[in-house]
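**Q** For reference, the structure I am asking about is given below.
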Amino acid sequence: MTLLSDATALRSLHARARGWARVLKLPFRQQRWRGHAGEFMGGGTGSSLDFQDHRIYLPGDDPRQINWQAYARTGTYSMKLYREEVRPLVDVIFDVSASMFAFPAKEQRALELFAFVVEASLQSGATLRCHAIAGARHQWLEPEVILSGQWPERVRELHASAAAPALNRLPLRSGAMRILISDLLFPGEPEAVLACLSARNGRGIVFAPYASDEADPGWDGNYEFIDPETSLPHEHRVESALLKRYESAYKRHFELWKAAALKHGITMARVSAAVDFQKALQHEGIASGGVESA
């Protein structure tokens, strides 16, 4: 039984993720936000304790914000302005194509990343929306369905797609933190995907889980490979020259993604499945700015 088919194991995973989210946070404080009342700094003015500026009193202003000390000195009514506190918007996009679950360690790391991002968003008080996507097909997932561990039933029919996730089909919100969890192992240029993460003042973050089975396979000899998207077998003999071409193509693929992410101002962190989750996320996530210490 895999994690995807075990609702109890998924609920237990979220319990662990709540602990991770108390140690590592999403980088909300690196950005000004607009949204509902909350605890993070907004782009407007409000009633927090963080003083921002003064301005002349206008009819209709709240008289409680008049600076009476300044009035005693100048005889002119002025208003104290405070930085607005808001709840950030978080749009999570979880790639559920079959390659994400091709190896047990990679499946677990992908699900850990999803659980962490959900729990970190909820603990921050963010307004959260989650979308599962595979190619052109997608499914909205309510937070309560995710926390119940029942969400895999909702996305099972999406898995069989090898195409790039069509983020342009998703109702991503203006000014949201947009977090894509994907192994990025699909054909095509990164530009179309990354442009959707940064469009309309979005703050894009990509968490890419990977397993040593694909990053450093060490193949030598005859193998029967199974295409994770189609489940079709392919027999190949792997010799050193072929392995080197694979390793070179794999490395180049992610170099292109990192260069494109930098161009679009998007944070990208590849997260290894070979070590403890918290250690793996700290190693790459903090260095890249995808997470920050509590």
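Quick note: the coordinates plus some simple rules give every number you see, no bench work behind them. Bear in mind that the values here come from a model prediction, so they are computed numbers and not experimental data. Quick reminder, even Gly has a Cβ in these numbers, built from the backbone with ideal geometry, and neighbours come from all protein chains shown.
**Q** Can you match percent of Cα pairs over 27 Å apart to one of these, (i) 33; (ii) 47; (iii) 55, based on a calculation from the structure here?
**A** Read-out taken from this structure: (ii).
**Q** With a ≥ b ≥ c the root eigenvalues of the C-alpha gyration tensor of segment 99-159, is it rounded (a/c under 1.5), prolate (a/b larger than b/c) or oblate? Each step should come with its number before you reach the end.
**A** On the way: a/c = 1.94, a/b = 1.31, b/c = 1.48.
Since a/c reaches 1.5 but b/c is at least a/b, the shape of segment 99-159 is classed as oblate.
**Q** How about Lys279: which lysines have a C-alpha closer than 30 Å to its C-alpha, ignoring those fewer than 8 places off in the same chain?
**A** Partners found: Lys25, Lys106, Lys244, Lys251, Lys258, Lys263.
**Q** Under unit Cβ charges (Lys, Arg +1; Asp, Glu -1), what dipole magnitude, rounded to 20 debye, does the chain have relative to its Cα centre?
**A** Numbers: 34 positive and 34 negative charges, 269 e Å.
It works out to roughly 1300 debye.
**Q** Positive end of the charge dipole of the chain (Lys, Arg +1 and Asp, Glu -1 on Cβ, about the Cα centre): tell me which of Val193, His253, Ser99 has its Cα farthest that way.
**A** Of the options given, the answer is Val193.
**Q** Can you tell me the relative contact order of the chain? Whole percent, Cα pairs under 8 Å, sequence separation 6 or more.
**A** Relative contact order of the chain: 19 percent.
**Q** In nm, what is the difference between 0.36 nm times the number of residues separating Phe225 and Arg11 and their Cα-Cα distance? Intermediate values should be presented prior to the final figure.
**A** On the way: separation 214, 0.36 × 214 = 77.04 nm, distance 3.25 nm.
Answer, rounded to one decimal: 73.8 nm.
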